[in-house]
Amino acid sequence: MNKQVSIAIDGPAGAGKSTMAKAVAREMGYYYVDTGAIYRTVAYFFSIYGVSPKDVDGITRLIDEISLEIRYAEDGAQHMILNGQDVTGELRTPEISDLASKFSAQKVVRDFLLDTQQDLARKHSVVMDGRDIGTVVLPNADVKIFLTASPEVRAKRRWEEMRQKGDQKTTYNAVLADMKERDQRDANRAVAPLKCAPDAVKLDTSGFSIEESIQAIEEIVRKKLGQ
Ligand code: DC
């Protein structure tokens, strides 16, 4: 089997990871893996069963009941299949964002998902985005990028996206507060916290448009892969 290529894109919420990762995956013909959606699916599962993110016993008891599958639609969109049911439409709510961040701090959850993620990269060339891809999941990734932007810029992007999707109620300040709280938790948890791998290229996209960011990332990828 040919060696698969892996590209890790990590960073805080709203840094533009998924937009960038999707663009690079399309350009390179690789699979795009949104690992946040995997954590969100697990959080959704436990929310259905009423298990709290602090209830380690409850999580441990039920976690093996989770069967996860990732499917790709014709347009390349990633769909999350939880125990046979497509739950993709349930995952992008503020409640699930909050719960995913809380459940993902539990070691038992991270251990459970580690193999799923590594297995994808063993089988396919991937662009994987998340928080700990370059540090824990794929420490030998061919390319590692740590994407950042100021909390204000990230909150504005997320808020505008929500408005475009029809949410006219949520205020910018609420999005900013949620984002700061989530950043804090993701960066300070004991297991696999959000941090830049020593060998990652750090890119701050605060002053960049989407096109400029994509261009910058594709340049980093080409350089690293020697293309
Ligand atoms: O990228 P996202 O916003 O969809 O991720 C949701 C939460 O999942 C995020 O707050 C932290 C967690 N997560 C993680 O801990 N590790 C990853 N590789 C991806 C996401």
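The values are calculated or read from the model by the stated rules, or taken from the named source; none is laboratory data. Keep in mind that what you see is a predicted model, and the values were worked out from it rather than measured. In this analysis, Cβ positions are derived from the backbone assuming ideal geometry, glycine residues included, and neighbour counts consider all displayed protein chains.
I need the full set of residues from the stretch 6-63 which are buried (at least 16 other Cβ atoms within 10 Å of the Cβ), more than 12 Å from the ligand (Cβ to nearest atom) and more than 17 Å from the chain's Cα centre (by Cα), in order please.
Residues satisfying the conditions are Met28, Phe45, Phe46, Ser47, Val51, Ile59, Ile63.
Look at the stretch 135-147 and say how many of its residues are of a type in the set (Val, Ile, Thr), in contact with a helix residue (DSSP H, G or I) (Cβ under 9 Å, 6 or more places away or on another chain) and closer than 18 Å to Ala192 by Cα.
Of the residues in that region, 3 qualify.
Mind checking whether some residue in the stretch 202-209 is modelled with pLDDT of 95 or more, exposed (fewer than 13 other Cβ atoms within 10 Å of the Cβ) and either assigned to a loop (DSSP other than H, G, I, E, B) or within 16 Å of the ligand (Cβ to nearest atom) (or both)?
Checking the stretch 202-209: not a single residue is modelled with pLDDT of 95 or more, exposed (fewer than 13 other Cβ atoms within 10 Å of the Cβ) and either assigned to a loop (DSSP other than H, G, I, E, B) or within 16 Å of the ligand (Cβ to nearest atom) (or both).
Restricted to the stretch 103-138, and to residues that are over 14 Å from the mean Cα position of the chain (by Cα), not small (Gly, Ala, Ser) and not in a helix (DSSP H, G or I), which residue is farthest from the ligand (Cβ to nearest atom)?
Ranking the candidates gives His124 first.
Taking the stretch 152-183, which residues are within 14 Å of the ligand (Cβ to nearest atom) and surrounded by 13 or more Cβ atoms within 10 Å (Cβ to Cβ)?
To start, the set of residues in the stretch 152-183 that are within 14 Å of the ligand (Cβ to nearest atom) comprises 154-155, 157-158, 161-162, 175, 178-183.
Residues satisfying the conditions are Arg154, Ala155, Arg157, Arg158, Glu161, Met162, Val175, Asp178, Met179, Lys180, Arg182, Asp183.
Let me spell it out: the conditions are (1) under 18 Å from Tyr32 (Cβ atoms); (2) away from the ligand (no atom under 11 Å from the Cβ); (3) not aliphatic (A, V, I, L, M), and Gly89 meets all of them except one. Which number is the exception?
Of everything listed in (1) under 18 Å from Tyr32 (Cβ atoms); (2) away from the ligand (no atom under 11 Å from the Cβ); (3) not aliphatic (A, V, I, L, M), Gly89 misses just condition (1).
Test each condition in (1) hydrophobic (A, V, I, L, M, F, W, C); (2) closer than 21 Å to Asp10 by Cβ; (3) touching a residue at least 40 places away in the same chain (Cβ under 8 Å) for Ile63 and report the one that comes out false.
Ile63 satisfies every listed condition except (2).
Can you tell me which residue among Ala141, Ala197 is over 18 Å from Val33 (Cα atoms), assigned to a loop (DSSP other than H, G, I, E, B) and within 14 Å of the ligand (Cβ to nearest atom)?
On inspection, the qualifying residue turns out to be Ala197.
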